[in-house]
Amino acid sequence: MKNAPKLWIIIPCYNEEEVLPVTAPLFMAQLKKMQQEGKISEQSRILFVNDGSKDTTWEVIKKLSKKDVHYIGITQSRNRGHQNAVLAGLMEAKDYCDITISIDCDGQDDIGAMDAMMDEYLNGNEIVYGVRSNRDSDTWFKRTTAQGFYKFLSMMGVETVYNHADYRLISSHVLQYFAEFKEVNIFLRGMVPLVGFSSTAVYYERHERLAGESHYPLRKMLGLAFEGITSLSIKPISMIASLGFVVSALSFIGIIWAIVMAIMGHAITGWASMTCIVCFLGGIQLLSLGIIGQYVGKTYMETKHRPRYIISEKTYESDSRELRKDI
Ligand code: UDP
Ligand code: MG
């Protein structure tokens with residue numbers, strides 16, 4: 001199939017030696033199926049991005065790549081986190097293929113949904129978001145915190161697709177523009193909608209992890225939410241300004257009230273209330289300074305222009321004839 005588009009499936013892996021041997025054949029079966037249906041080219045690939053795993057994940061990937069040319073892999077020089085791993089994969093893939101689909105390696109996201117994603121691509125959509133139609137397989141706690149996460153993000157001015165994580169199809173054409181988003185604080189699911197182009201969503205059921213453990217406990221999820229908000233929105237700063245305005249207005253009314261009371265001869269005792277007000281304002285000021293400080297810190301990090309990922313090894317030659325885009 002010469003004219004069918006060339007797809008690269010991007011799969012970030014961190015300490016996944018247990019689950020990778022289980023899910024890799026599932027990705028391969030899906031790839032083969034789409035090839036047979038003529039939806040994608042024979043030159044399509046499954047790209048594993050090892051995110052500096054401490055276990056034998058990279059060895060597993062290398063072994064897979066020797067078994068079948070459709071499996072290829074790159075490794076980051078150290079662990080940089082899920083978002084950077086996906087970004088490394090996308091940026092690597094954009095020069096070799098026509099379409100990318102990023103998906104977690106644990107089999108939680110329905111691999112079969114790629115069929116619908118490809119159909120939507122062929123219908124003319126350049127970005128297709130995979131959206132979870134339910135979260136029944138997650139624990140009550142994970143479900144509630146995750147849903148709170150999306151609601152909180154939107155309250156804070158970060159536009160995301162509700163219940164969409166990082167399972168998505170993006171065309172290389174869009175990725176060429178996305179590469180111009182040079183920030184080092186990256187939050188893909190908030191950044192991709194900013195690029196624009198025609199997009200749609202595909203719904204799927206989320207399963208349980210096929211093996212291994214989640215790397216996203218509540219602490220990391222809160223970190224990701226904070227990262228997303230401070231990277232993509234300055235709403236917290238304007239909220240602080242509004243808060244400052246309200247508190248100042250209330251204080252002004254309080255002062256007038258105190259003067260009137262003094263003129264009327266009702267001396268104001270009230271040491272406790274005074275202390276409360278001082279503490280309250282002290283707290284608010286510290287909090288506000290802290291939040292503004294976060295933005296200053298982020299600006300500082302951005303000005304360094306450090307690389308967002310460093311690929312230390314690949315299972316293929318970068319100039320390999322087989323991987324050339326025009327084949
Ligand atoms: N991951 C990664 N780097 C990290 C943490 C996770 O590349 O530092 C990968 C991980 O291997 C998996 C995906 O990101 O493919 C999602 O992680 P996980 O399944 O642990 O998160 P959850 O689905 O529980 O939110
Ligand atoms: Mg998972």
Of Ser231, Ser198, the only residue that is surrounded by 11 or more Cβ atoms within 10 Å (Cβ to Cβ) and touching a strand residue (DSSP E or B) at 6+ places or on another chain (Cβ under 9 Å) is Ser198
Restricted to region 40-54 and to residues being on the phi < 0 side of the Ramachandran plot and not in a strand (DSSP E or B), the residue most open to solvent (accessible area, probe 1.4 Å) is Lys54
Checking Asp95, Asp104, Asp68 in turn, the sole residue that is acidic (Asp, Glu), open to solvent by 10 Å² or more (accessible area, probe 1.4 Å), in contact (Cβ under 8 Å) with a residue 12 or more places away in the chain and within 16 Å of ligand 1 (Cβ to nearest atom) turns out to be Asp104
Across (1) open to solvent by 50 Å² or more (accessible area, probe 1.4 Å); (2) away from ligand 1 (no atom under 16 Å from the Cβ); (3) in a helix (DSSP H, G or I), Leu31 clears everything bar (1)
Looking for something among the aromatic types (Phe, Trp, Tyr) and within 16 Å of ligand 2 (Cβ to nearest atom) - is there at least one such residue anywhere in region 172-190? no
Sole miss for Ile186 among (1) away from ligand 1 (no atom under 16 Å from the Cβ); (2) among the aliphatic types (A, V, I, L, M); (3) outside any helix (DSSP H, G or I) is condition (1)
Taking region 208-239 and keeping only residues that are within 13 Å of ligand 1 (Cβ to nearest atom) and polar (S, T, N, Q), one is left with Ser214
All conditions in (1) within 15 Å of ligand 2 (Cβ to nearest atom); (2) assigned to a loop (DSSP other than H, G, I, E, B); (3) within 30 Å of Ser238 (Cα to Cα) are true of Gly107 except (3)
Reported set for region 161-175 where residues are among the hydroxyl-bearing types (Ser, Thr, Tyr), buried (at least 21 other Cβ atoms within 10 Å of the Cβ) and under 13 Å from Tyr129 (Cβ atoms) is Tyr167
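The values are calculated or read from the model by the stated rules, or taken from the named source; none is laboratory data. A quick note: this is a predicted structure, and the numbers were derived from the prediction, not measured. We place every Cβ from the backbone using ideal geometry, glycine too, and count neighbours over all the protein chains shown. Only protein heavy atoms, including side chains, enter the accessible area calculation; ligands, DNA and RNA are left aside. Shrake-Rupley method; radii C 1.70, N 1.55, O 1.52, S 1.80 Å.
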